[in-house]
1. Quick one: would you say residue A:509 is crowded, with 24+ Cβ neighbours inside 10 Å, touching a residue at least 12 places away in the same chain (Cβ under 8 Å) and outside any loop (DSSP other than H, G, I, E, B)?
2. Pick from A:250, A:306: which is in contact with a helix residue (DSSP H, G or I) (Cβ under 9 Å, 6 or more places away or on another chain) and farther than 13 Å from residue A:222 by Cβ?
3. Mind checking which pairs have a first residue in region B:259-276 that is facing chain A (nearest Cβ under 8 Å) and a second that is surrounded by fewer than 22 Cβ atoms within 10 Å (Cβ to Cβ) and outside any helix (DSSP H, G or I), Cβ under 6 Å, 6 or more apart or different chains?
4. With modelled with pLDDT of 95 or more and within 14 Å of chain A (Cβ to nearest Cβ) as the only criterion, which of B:70, B:81, B:100 stands out?
5. Which helices (runs of 4 or more DSSP H) sit wholly inside region A:239-308 and have at least 2 residues that are buried (at least 24 other Cβ atoms within 10 Å of the Cβ), within 14 Å of chain B (Cβ to nearest Cβ) and without any contact (Cβ under 8 Å) to a residue 12 or more places away in the chain?
6. Looking at region B:155-168, can you tell me whether even one residue there is within 14 Å of another protein chain (Cβ to nearest Cβ), surrounded by 15 or more Cβ atoms within 10 Å (Cβ to Cβ) and over 14 Å from the mean Cα position of the chain (by Cα)?
7. Can you name the residue in region A:132-149 that is in contact with a strand residue (DSSP E or B) (Cβ under 8 Å, 6 or more places away or on another chain) and within 14 Å of chain B (Cβ to nearest Cβ) and, of all such residues, is nearest to residue A:313 (Cα to Cα)?
8. Only residues that are within 14 Å of another protein chain (Cβ to nearest Cβ) and part of a helix (DSSP H, G or I): list them for region B:187-240, please.
C-alpha cells in the first residue's frame, strides 16, 4: 500500500467513525420507540394523581341557561367540578390565543361549537371522571348556527362572539362584521388589476382546501403538579413549543416563570396539532393549583379530532393572467378563511394568514395581489399548519392547481407551462411580487431530472391512447398525470417579521464537551418523531470530530434546555440546526487555541482534519478533539478559562426555500370512483442533506399525509353544526395497505445563508403532495371537460363526477 | 372513549352462560371477540352492566363436517376460518369473505358467531350466511333451536335471539362441487365496513346457470338475501341483459343510509357493481 492510499484509508475510516452529516445513521431514538420503552405523558404516574375529563356541548351554538354540578359532585370519587364560574375570579375562563384573540377555556354564557368544553370534572380515576361528566346537568337554549363561512358575514347572520361584539378593531385591524376576524392584504392591487384588464388569457377558479385535522396518533395531553410549599408548578405535556407554553402559563397564571417547569417528554406526532394552548392544559393546571395534587388530562380520539386545532378550511378564489403563449403576467387571490369559533391559528403574530403570500410559487410572476378575510363560524377553532409552514400547503395548492387550469385553457402541456414560467437559477436571490426573498433554487434542473426519471413523454403518450380506448368503450379506467412543482418557505424566522407573542423566532443550542470527549447538547426545539436526537448529533459530529454515538441530545425540559421557539413549520434544521453549527464552531475555535498550546505552535499553523487539529505540513503532529477536551479541563492554556462549551441563540437572516418536483400517475375506476396511485415520484431539494435516511422517512410520512388529505381525509359538519366522522372509522388515516409506494429522489441546492446550507424537509412532501394528487385526479377527467374537481377525492365524490359527466351509461 | 362500569363474568359452560344471561336480563350482553361491542361501549352507545364472556367455554371453537353440512362453532375466530383447509376446500367463499374483514389483529380475536349474532348491518358474514342458506343454532335455558340466517335479522341490531339466548353454532349446507363463488367488497380502507358488498354462489351446467344465491352487505338495516335477483339468473347463460336485470333487481331492494362512505344513491349503485363483479368471478370459477 502506498503512502497516499494509506492516508486516504485512514481519513475515510475516521470520517465513517463519526457518523456525521451525509450518512444514513440509524435513528437512535428508535431503540426505545420500537421496544415500547418511550415515555409519553400518559405513561407518567405521580402519587395521588387525579384525572380530569370534560363535559362538552352537544350543540354547535347555544345559550347556556344553567349548569348544575351537584349530581356529579355527589358521585363517590369525584373531587371537584370546574365551570366558568370557578375560573372567572381567577381571570382564566378565557385564555389568549397565538393569533391575538381570546378563547374560552370553559364556556361562560354560550357554546360556539359542538364538543366545546363546558365543565371539567376531576376524579380519582379516569373512569369515574368520565362517568361524572354524564351527571353534570347543563340546560341549553339552541341558537341558529353558521356552518358555511360564506354565510358568516351576511347582514342577518347570528352574532357568534358576543364577548367581542363591540370590539370592531381586532388584533389585525378593523373588522367589517361582528363575525369578521380580519382582512389581510398584500401586493399591488392597482398594478394587478391593470394586468388582468389587458391580459390575453385569464382564469378564475374557486379552489377549496377543505377542513381536516393533523391527527397525531398520540392525542393532546397534560399532567400538572403544583407544589404548594415551594409555589412551583411542573407541567408535563404534549408541547411542540415547551418554552413558549411556559411563558404563556406564566403570563396567564401570574406564577413567576422560574417557578414553572415545563417538560415535554416523548411526543407521538404533532403535525401542528400540539403548537397551541388548550383548555385541557389550563384546567389541569388550575385543578392542581386548587387541589394541591397532580391532575392529568388526556384527550380521547374523538375529542382530538373534533376540538383541538383543525387545519385548512381555506376557500381560495384564484386568478391568473397570462399571454396567449403562456407567460404568466399576474396573480390575484381572495381567500375566505374559516377559523371556527375563536381565532386560534398558530402563526407568527404579524401573519394572520401565515405565509399565504408564498402563493406565487416557483414562478416569476411580475405582479400579484392577495386578500384574506378571516371569519368566525360555529366550528372548532384552529387553522394550524398541518405538516407545513404556516398556510403554505394552502398557498401551494392554489398556485399548483391554478397553473393546471391555465394550462388547460391555453391548450399547453402543464409541465411546459411551468418550465416557461420558472424563476431562473440566475435570478436568485429572487424578490417575489408578494414580498419574499427566495434564498436559492434551481428549478429547471430539478424539473428536468424528474421528467426524465418518470418518463414524462411516454406517459403522456400512454394517456392519449388510454383516453381513446375509453372513448371507444374498451376500458372503464381513466389515467391521470399529476404534477406539482412547489416552493416552500420554512425556518421562521427573522426577528424583523417573525415573533410569537412578542418573542422573536430565534432558536438555540447549548453544547458541552465533557473531559473524556463525550458531549451533551440541548436545543430549544422539540422532536415529535423527527429524529432530532440523531440528526443534531450528526451536525455536531462533523463540526467537532466527535462520534455521533458519543453525543447525547436533549430537548423539551425548560429548566435545562436553552430557550427556543419549538418545532413546527420545518424550523428545527433551518434555525436550531444553524444554532448547533454556530455553537459547535465557537467550541472549535477555543479547541484550536488549546491545541496550539498543546502542540506549542501558533494557532494559524494548525488546520482541521476530520477529528483533529494538525500542524500544517506535519500531519503526524496533531491533537484529536478528545485529547483537546481532556486538556481543556486538565491544563488549559494560561489566560483561557477551563472547560469546553458554548451556546448560540440563532436568529436567521432569512427563511429557507426548499423546493421539489413531484409526479403522480393515477388510474381511476369510473364505475366506483376508486382511484389507484400507480406511481408517485418525489424529487426534493432541501439543500445540504444531513441524514438521507431520515429525509427519506420524512418524505414518506409527508407524502402519506398528503395522500390522506387529497384523497379522503376531512372534518365535515352537517348543517346543524354536528361534526361528522370524528373517529378513525371515518377519518381517513391510510394504513400501509392504502398507501402508495413512494419513489424518492433529490437535487442539492444549499441555502447560501445557513451555516451548513440545510433547508428543512419534513413538510415539503405534504405541501407538494396535496396538489400533486389533486392534479392527477383533475388531469384524469380533464379531457372530458369536467372543470375543477374539489378535494377530497374520495370514491363517492369521484363517482358523482362520473354521474355529472354521464359516464355511467 | 371510556366505557361505563360493568361486571365481568366468565362462565365455562353454555348452560351457565345462558343461565347468567337469563338471570341478569337486559343489562347483560354476551361477549365474543368484542370487536363490535367494545367500540360501542367505549363511545357509550352501549352501556351493559354485565358482560358475559364466552371465551372460556369449551366446544364453541370447532369446524367439522356432519352429513351434508359444515358446522362451525360460534367462538371460532375469523383467523381460524381463514386457516381451515377443510373450509377452503368445501366452502371457499368463507375464506374469501373473512380475508376482507378488518385486519389480521382483529381477525385473531373476532369470531364468526359474534359477526353473525350482533345484527350489525356492516358485518360481512350475515349476508354470506344468507347467500349460503346457513342456519344458526340458538341456545337458551330451555334448550336449542335452529333459525335460518335468512329469517334471523329483523332490523339494525335486532335479531331473532330471545332473552338469554346465544348463537352457539353455524350450520352451512356444503355447496355442490364445482360451484362458482365470489365475495366482492368495496371499502374505503382496511378495517372499514363495506360501502357495499355482494356474496354470490352459482352452479352452472352446460353453460346455463342452474342455481344462484346472492347476499348483500351493508346496504340496508339488515343483510339482504336478493332472491328475486338470483331467480332472474337461473336458467340463463348469464348474458348481459340477464345480468343487467338481476343487478337492477338487487339494487331495487337496497335502502342504504347516507353516511361518510357516500350518499345513499352511490351505495345502491355500488351494491350493483359489487354484485356484477362477484358474479363475474363466480362464473369464472364455476365448473361449467
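The values are calculated or read from the model by the stated rules, or taken from the named source; none is laboratory data. Computed from a predicted structure; not experimentally measured. No Cβ is skipped: glycine too gets one built from the backbone with ideal geometry, and neighbour counts run over all protein chains shown.
1. yes
2. A:250
3. Cβ pairs passing all conditions: B:260/A:725; B:260/A:730; B:273/A:671.
4. B:100
5. The helices (runs of 4 or more DSSP H) meeting that bar number zero.
6. There is no residue in region B:155-168 that is within 14 Å of another protein chain (Cβ to nearest Cβ), surrounded by 15 or more Cβ atoms within 10 Å (Cβ to Cβ) and over 14 Å from the mean Cα position of the chain (by Cα).
7. So, considering only residues that are in contact with a strand residue (DSSP E or B) (Cβ under 8 Å, 6 or more places away or on another chain) and within 14 Å of chain B (Cβ to nearest Cβ), the one nearest to residue A:313 (Cα to Cα) is A:133.
8. B:240
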